[in-house]
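To start, the structure under review is shown below, and the notes come after it.
All of the numbers you see were taken from the coordinates with simple rules; none came from a lab. Since we're looking at a predicted model, the values are computed, not measured. Note that each Cβ is placed from the backbone with ideal geometry, even for glycine, and that neighbours are counted across all protein chains shown.
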Amino acid sequence: MVRSKRIDSRGSMAAARATVTLDVSGLEEIAGRFKFMKSTILTVGVQGQDGLDTYKNTGANVASVAMYNEFGTPAGPRHAGIPARSFLRSSVFENRDKIQNKFAKSMAQVFGADGFTVGGRGDPITELGNVGAVIVGMVRDKIRTSGSWAKPNAPATVKKKGFDFPLIETLKLRDSISWAVRIGGQITAKGKAF
């Protein structure tokens, strides 16, 4: 209830009353969406069955090869080591502003343009998948252009592959990059780039 005073046409003061109604009917829905999002994680990388697939020539699985190249390996008695060629972390770091903007636009679809409007009707899993697909595209582009930024392959690797293009031999690594939406650790949705 709001009370105010007004002056009528005769110049005398009269009390006026106004009633303000606040519609909070959508707050439970918004709270539910926030609670859902709190337990939801978007992951991007080599995961699931794609990570377990093996290379025929070495028997190594794709997830291991991704890790070796992302972080590098020390030299050992039988090999020279692999230099770090970060394609995943560097893609996210270099594109963080674009990723944040895409995430903000996707969450506006879920929660409404201002973040609290019930009008947001986007499905959270779909919207996170859209963000994931954009990041997958960025990571794949990073791998595709590795010849311009990554440390070159060792001479023995060039001889074995027949060309010097780091991170690319069979395209298996690049094609294994995917996104997954996880709720409580379980994959609910997954996919690759658009």
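With a/c under 1.5 counting as rounded, go ahead and sort the range 100-194 into rounded, prolate or oblate using the C-alpha gyration tensor (a ≥ b ≥ c being the square roots of the eigenvalues; past the cut-off, prolate if a/b is larger than b/c, else oblate).
Since a/c reaches 1.5 and a/b is larger than b/c, the shape of the range 100-194 is classed as prolate.
Give, rounded to the nearest 20 debye, the magnitude of the charge dipole that the range 119-194 has about its Cα centre when Lys and Arg contribute +1 at Cβ and Asp and Glu contribute -1 at Cβ.
280 debye
Hey, what do the phi angles of the range 60-73 turn into as Karplus ³J(HN,Hα) couplings, whole Hz, using 6.51/-1.76/1.60 and θ = phi - 60°, x for Gly and Pro?
Here the 3J(HN,Hα) series is 6, 7, 5, 4, 5, 4, 4, 5, 4, 6, 5, 10, x, 9 Hz.
Rounded to whole Hz and in sequence order, give me ³J(HN,Hα) for the range 52-57 from the Karplus expression 6.51 cos²θ - 1.76 cosθ + 1.60, θ = phi - 60°, writing x for Gly and Pro.
Calculated HN-Hα couplings, in order: 8, 4, 10, 7, 5, 6 Hz.
Quick one: grab Rg to one decimal and Dmax as a whole number for the range 31-138, Cα atoms only, in Å.
Cα radius of gyration and Dmax of the range 31-138 are 18.6, 62 Å respectively.
Going by average Cβ density within 10 Å per residue, which order do the peptides 171-182, 99-110 take, highest to lowest? Could the numbers behind the result be given before it?
Values: 171-182: 19.8, 99-110: 16.2.
Per-residue mean Cβ counts within 10 Å order the peptides as 171-182, 99-110.
Tell me, what ³J(HN,Hα) does each residue in the range 129-139 have, in order and in whole Hz, if you take phi through Karplus 6.51 cos²θ - 1.76 cosθ + 1.60 with θ = phi - 60° and put x for Gly and Pro?
Couplings: x, 4, 5, x, 5, 5, 5, 4, x, 5, 5 Hz.
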